[in-house]
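Structure record follows, encoded as structure tokens.
The values are calculated or read from the model by the stated rules, or taken from the named source; none is laboratory data. These numbers come from a predicted model, not from an experiment. No Cβ is skipped: glycine too gets one built from the backbone with ideal geometry, and neighbour counts run over all protein chains shown.
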């Protein structure tokens, strides 16, 4: 693998909130064109890792490189302008705003390309086009997740980070969301995914990292992790 294939490289990352250490020497790579999944129980450090990459948290130690340049400690708005977007846990849409206004918020630093990106979002998510003038609060949970993903696409990111996309959704909607993630990857998007539904995530991703109490305890190709006895017992109920 050429060094240029590595889009995101995290090395020895440690993060704490006061006296609580959220991440302990985490290292991982995301290569261009991959879906990489972080699996682990609630509180394992998955969200902390994504938020630190985005610049919401400042690391205590370690490095974060994106496209070969350091972004550790960089302000979140600069990270977003540089090509990373985050779809937060719980959808995080603005309920009192219309669908189209939510989408346009995602293009606040990329307004010149907003019309073309908006057309693409409506092509991929026709329901958002049909309901573009409705308030976000009127959407179903699955539609809100589509809106949150669509908003992140408005920034034309090189890397999309998606935090717990299946949480609180009905199983049939979860299937649709993972189909969307796979489709976006086939369209050329690189994706770093955090997910408690380990089976669904490992089935759609290329490689995975298992986090426990803020540390990576296992990593590898997803087909290998699906067959790992420890992963099956802890996360797959087998």
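Numbers at a glance
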{"quantity": "Some residue of the stretch 22-39 being on the phi > 0 side of the Ramachandran plot and modelled with pLDDT under 95", "calculated": "no"}
{"quantity": "Members of the stretch 31-66 found to be assigned to a loop (DSSP other than H, G, I, E, B), surrounded by fewer than 23 Cβ atoms within 10 Å (Cβ to Cβ) and in contact with a helix residue (DSSP H, G or I) (Cβ under 7 Å, 6 or more places away or on another chain), listed by number", "calculated": "32, 55, 56, 57, 59"}
{"quantity": "Test: residue in the stretch 90-105 that is surrounded by fewer than 21 Cβ atoms within 10 Å (Cβ to Cβ), under 26 Å from residue 20 (Cβ atoms), under 16 Å from the mean Cα position of the chain (by Cα) and without any contact (Cβ under 8 Å) to a residue 40 or more places away in the chain", "calculated": "no"}
{"quantity": "Matching residues, the stretch 133-183, being surrounded by fewer than 20 Cβ atoms within 10 Å (Cβ to Cβ), touching a residue at least 40 places away in the same chain (Cβ under 8 Å) and in a loop (DSSP other than H, G, I, E, B)", "calculated": "156, 158, 167, 168"}
{"quantity": "Residue list for the stretch 188-221, filter: over 16 Å from the mean Cα position of the chain (by Cα) and within 18 Å of residue 23 (Cβ to Cβ)", "calculated": "212, 213, 214, 215, 216, 217, 218, 219"}
{"quantity": "Residue list for the stretch 1-15, filter: at pLDDT below 95 and more than 19 Å from residue 193 (Cα to Cα)", "calculated": "1, 2, 3, 4"}
{"quantity": "Qualifying residue in the stretch 186-195 (condition: touching a helix residue (DSSP H, G or I) at 6+ places or on another chain (Cβ under 9 Å) and either farther than 24 Å from residue 105 by Cα or surrounded by fewer than 17 Cβ atoms within 10 Å (Cβ to Cβ) (or both))", "calculated": "yes"}
{"quantity": "Some residue of the stretch 199-220 being within 18 Å of residue 88 (Cα to Cα) and in contact with a strand residue (DSSP E or B) (Cβ under 7 Å, 6 or more places away or on another chain)", "calculated": "yes"}
